[in-house]
Amino acid sequence: MEEKEKEKLSDIAKHVREIILTMIYEAQSGHPGGSLSVADIMTVLYFKQLQIDPKNPKWNERDRFVLSKGHACPAWYSCLQLRGFFDEKHIHTFRRMDSILQGHPDMNKTPGVDMTTGSLGMGAAAAVGMALEAKLEGSPRRVYTVVGDGELNEGVIWEVMQSSVKFKLDNFCMIVDRNGLQLDGPTNAVMPIHDLTQIIEGFGWYVQEIDGHSIQEIDKACSNAKQKKGIPSCIIANTVKGKGVSCMENQLKWHGRAPSTEEYNQAVREIRNGGCRCIH
Amino acid sequence: MYTLEKAKEPTRKAFGIRLKEYGAIDSDFVVFEADIGASTSSILFGNEFPKRYFNMGIAELGMTDAAAGMAAGGRTVFVSSYGIFLSTRALEAIRTCICYPNLNVKFMGSHGGLTAAIDGVTHQATEDIANICTLPNMKMAVPCDTNSARKLFDLAIHTAGPFYVRLLRDAYYEIYDEGTEFSLGGSHVLREGKDITIGTYGDMVFQALAAAKRLAEQGIEAEVIDFYSIKPFDYARLVASIQKTGKLFVIENHQRRNGLGYEIADYLITNRYYILYKHIGLADTFAESGRYQEILGKYHLDGSAIEEEVKKMIDTCR
Ligand SMILES: Cc1ncc(C[n+]2csc(CCOP(=O)(O)OP(=O)(O)O)c2C)c(N)n1
Ligand SMILES: [Mg+2]
């Protein structure tokens with residue numbers, strides 16, 4: 001990837017982060033930690049990798065995307081808005097009555113949302129169905145899903161691990177947002193998984209482990225996945241929960257909590273300047 | 001009669017506090033949680049009694065089956081999660097591995113009804129009464145405030161077999177004093193009236209009381225009953241009240257279909273109480289995200305809706 005493109009995508013990711021915070025701040029409700037950790041991944045998908053048409057959100061040959069960790073939808077909505085799927089004014093209606101931007105993704109309300117999610121585990125399994133359908137139709141379209149590392153606790157995820165291999169879903173790419181935290185604590189404490197890479201490889205997947213905040217690594221891994229024939233791909237993206245806002249980084253309490261006015265202003269300043277430290 | 005003070009904590013927290021307190025009184029029971037202990041409040045118990053607290057991760061189905069295994073030897077197990085996940089994803093485990101063998105598993109299902117309004121449909125347990133109460137051997141209760149949550153904890157742990165307590169996300173009002181007793185199959189008349197009976201439970205108790213107050217200002221005396229014991233149900237109280245008022249209005253923060261109102265209607269017809277009857281709840285629809293009170297208004301489940309519907313009923317008799 002050229003330096004110029006990398007810079008462009010980094011700038012977009014900053015913008016995505018700012019919109020995430022604005023939505024959660026204005027709604028005074030939502031999940032900043034997991035939205036910020038997935039922001040770079042979503043940016044690369046929506047501004048580089050996905051074959052989509054904002055003017056025609058239901059274009060049949062589009063790539064499909066399912067945010068299985070649906071609570072991080074502010075990141076999804078930000079990308080969709082910046083890509084032009086809907087007007088900016090909706091950003092300010094997040095989680096409000098009559099909004100097209102529900103507290104968790106709703107495929108019938110939000111243009112560009114391909115699957116309703118919010119109950120962890122289910123989105124990834126639905127994505128398998130989308131990949132099967134693409135195969136059935138002989139379509140080259142691809143299916144991407146992002147799951148949380150806590151979400152991996154759900155049994156249905158391991159059903160996905162099996163079926164995707166059985167049906168040779170090389171059009172399917174699962175990205176794990178491995179930020180090391182879930183709701184009640186560190187993933188290692190709540191439900192430890194030893195050597196995730198080896199385990200998923202053991203199921204028969206093509207696994208790549210990357211820095212989930214490196215625009216280049218995310219892009220490269222998605223491209224590699226496309227080349228792999230006959231087996232599904234998993235990208236284990238090592239991320240930081242709350243990435244980009246220092247006082248939210250790696251802090252459990254920012255899983256599902258809205259910032260105060262002061263915290264919001266400070267966070268936005270930090271994102272814009274790219275690095276000033278929080279006072280507390 | 002009752003007092004109405006702003007509640008300091010939601011029933012999910014009050015229940016969690018009692019769970020923790022009781023942990024010291026009874027050293028035998030254990031608690032299973034699915035990674036939302038900080039939200040359901042089960043963590044209060046977990047911090048105090050780590051050896052008796054099993055955080056099974058985000059795995060509601062497996063957790064519930066594990067609870068069945070733990071309870072198979074006769075031990076009492078509490079299972080904590082959001083009502084939506086217990087009453088849907090874990091439903092088969094509850095049915096086949098807990099209710100069928102009649103095991104001592106108690107469920108704390110938080111975010112009942114539209115009290116999770118802001119999170120949206122995926123987190124709103126609006127079919128839990130239907131799914132859970134349909135199961136043989138299961139009992140169900142819904143506290144509306146701190147003292148009822150505490151007392152219904154005690155009732156659950158002292159009642160043999162599966163027991164589901166529907167808890168609420170947000171803090172509303174305090175109604176009951178510490179001395180009020182709660183029993184299996186019991187209910188409380190919160191306001192006496194001769195013109196119409198309003199039967200309800202949970203957060204709808206407050207909406208009903210607000211409506212009853214406004215109705216009284218218009219000369220309509222509604223009797224408001226908190227049917228906190230959904231199953232078994234206090235039919236004796238219901239009958240005594242409708243024999244006085246001749247009219248029954250049931251409101252619930254749940255799907256209308258297969259909710260408590262369906263159960264009551266079946267009872268009334270079967271036992272030939274041909275009275276004026278109206279039942280409101282979610283009208284065969286999913287709701288949406290939004291602020292609790294706004295969403296109740298939009299889906300015609302708030303105090304104003306009750307007031308309007310009751311007036312219509314009274315008018316048809318004039
Ligand atoms: C089936 C289900 N159980 C529980 C929840 C509540 N919940 C929402 S987010 C979350 C933690 C998720 O952790 P992780 O997957 O690691 O997400 P991230 O860290 O990226 O936010 C939980 C338990 C849910 N949404 N769905
Ligand atoms: Mg995580």
* **Charge dipole magnitude, Cβ of K and R +1, D and E -1 - region B:216-318, Cα centre, debye nearest 20** => 340
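Looking at region B:7-174, send over the antiparallel percent of its DSSP beta bridges, to the nearest 5. It would help to have the intermediate numbers written out before the result.
Numbers: 1 of 22 bridges.
Close to 5 percent.
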* If you place +1 on the Cβ of every Lys and Arg and -1 on the Cβ of every Asp and Glu, how big does the dipole about the Cα centre of chain A come out, in debye to the nearest 20? -> 380
* Structure fact -> Mean per-residue count of partner chain Cβ within 10 Å for B:117-129 equals 5
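Using a Förster distance of 51 Å, how high is the FRET efficiency between A:Lys4 and B:Glu92, based on the Cβ-Cβ distance and rounded to 0.05? Let's see the in-between values first.
Details: r = 54 Å, r/R0 = 1.07.
Result of the calculation: an efficiency of 0.40.
May I ask you to work out the translational diffusion coefficient for the protein assembly as shown at 4 °C, viscosity 1.567 mPa s, via Stokes-Einstein with Rh from the Kirkwood sum over Cα pairs, reported in whole µm²/s? Don't skip to the answer; put the middle values down first.
Values: Rh = 25.3 Å.
Answer from the Stokes-Einstein relation: 51 µm²/s.
Past the 28 Å Cα-Cα mark, which pairs from B:Lys106/B:Lys247; A:Lys14/A:Lys228; A:Lys69/A:Lys220? Intermediate results must be reported in sequence, preceding the final value.
Working: B:Lys106/B:Lys247 35 Å; A:Lys14/A:Lys228 31 Å; A:Lys69/A:Lys220 23 Å.
In this structure, B:Lys106/B:Lys247; A:Lys14/A:Lys228 lie more than 28 Å apart at Cα.
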* Farthest toward the dipole's positive end in the protein assembly as shown, which of B:His188, B:Gly57, B:Gly297, given Cβ charges of +1 (Lys, Arg) and -1 (Asp, Glu) about the Cα centre? -> B:Gly297
* Mind checking which lysines have their C-alpha under 23 Å from B:Lys298, skipping anything on the same chain fewer than 8 residues away? -> A:Lys89, A:Lys109, B:Lys213, B:Lys278, B:Lys311, B:Lys312
* **GNM result for chain B, Cα springs below 10 Å: residue of B:Tyr172, B:Tyr273, B:Tyr235 fluctuating most strongly** => B:Tyr273
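Just to check, using Stokes-Einstein with a Kirkwood Rh over alpha carbon pairs, what's the diffusion coefficient of region B:7-174 at 10 °C and 1.306 mPa s in µm²/s?
104
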* Structure fact -> Taking the dipole of chain A about the Cα centre (Lys, Arg +1; Asp, Glu -1; charges at Cβ), the one of A:Val16, A:Val176, A:Val190 that reaches farthest to the positive side is A:Val16
* Asked: Using a basic spin-label model with each label point 7 Å from the Cα along Cα→Cβ, how many nm lie between B:Leu184 and B:Ala265?
  -> 3.0
* Asked: Which of A:Tyr206, B:Met204, B:Ala34 sits closest to the plus end of the dipole of the protein assembly as shown, meaning its Cα is farthest towards the positive end, when Lys and Arg get +1 and Asp and Glu get -1 on the C-beta?
  -> A:Tyr206
* **Shape category assigned to region A:96-166 from the gyration tensor of Cα positions, a/c cut at 1.5** => oblate
* State which entries of A:Lys8/A:Lys135; A:Lys4/A:Lys168; B:Lys13/B:Lys139; A:Lys4/A:Lys135; A:Lys8/A:Lys229 exceed 25 angstrom in Cα-Cα distance in the structure shown. => A:Lys8/A:Lys135; A:Lys4/A:Lys168; A:Lys4/A:Lys135; A:Lys8/A:Lys229
* To do: Quick one: net charge around A:Ala267, please, counting Lys, Arg +1 and Asp, Glu -1 for every other residue with C-beta under 9 Å from its C-beta.
  => -1
* Under 1.5 on a/c is rounded, so check that first for region B:145-247, then, if it is not, pick prolate when a/b is larger than b/c and oblate when it is not; a ≥ b ≥ c are the square roots of the alpha carbon gyration tensor eigenvalues. => oblate
* **Within region B:188-316, percent of DSSP bridges classed antiparallel, to nearest 5** => 20
* Structure fact -> For chain B, shape from the Cα gyration tensor axes a ≥ b ≥ c, cut at a/c of 1.5 then a/b versus b/c, turns out prolate
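Where both residues lie in the protein assembly as shown, what percent of DSSP beta bridges are antiparallel, nearest 5?
Among the beta bridges of the protein assembly as shown, antiparallel pairing accounts for roughly 15 percent.
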* **chain B - percent relative contact order, Cα under 8 Å, separation 6 or more** => 17
* Asked: If you count, for every residue in A:95-104, the Cβ atoms of partner chains within 10 Å of its Cβ, what is the mean?
  -> 6
* What is the magnitude of the charge dipole of region B:62-186 about its Cα centre, with +1 placed on the Cβ of each Lys and Arg, -1 on the Cβ of each Asp and Glu, and no other charges, expressed in debye to the nearest 20? -> 420
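Values in this text are rule-based calculations from the coordinates and carry no lab data. Everything quoted here is computed from the prediction, not taken from an experiment. Neighbour counts are summed over all protein chains in view; Cβ atoms, including those assigned to glycine, are modelled from backbone coordinates with ideal geometry.
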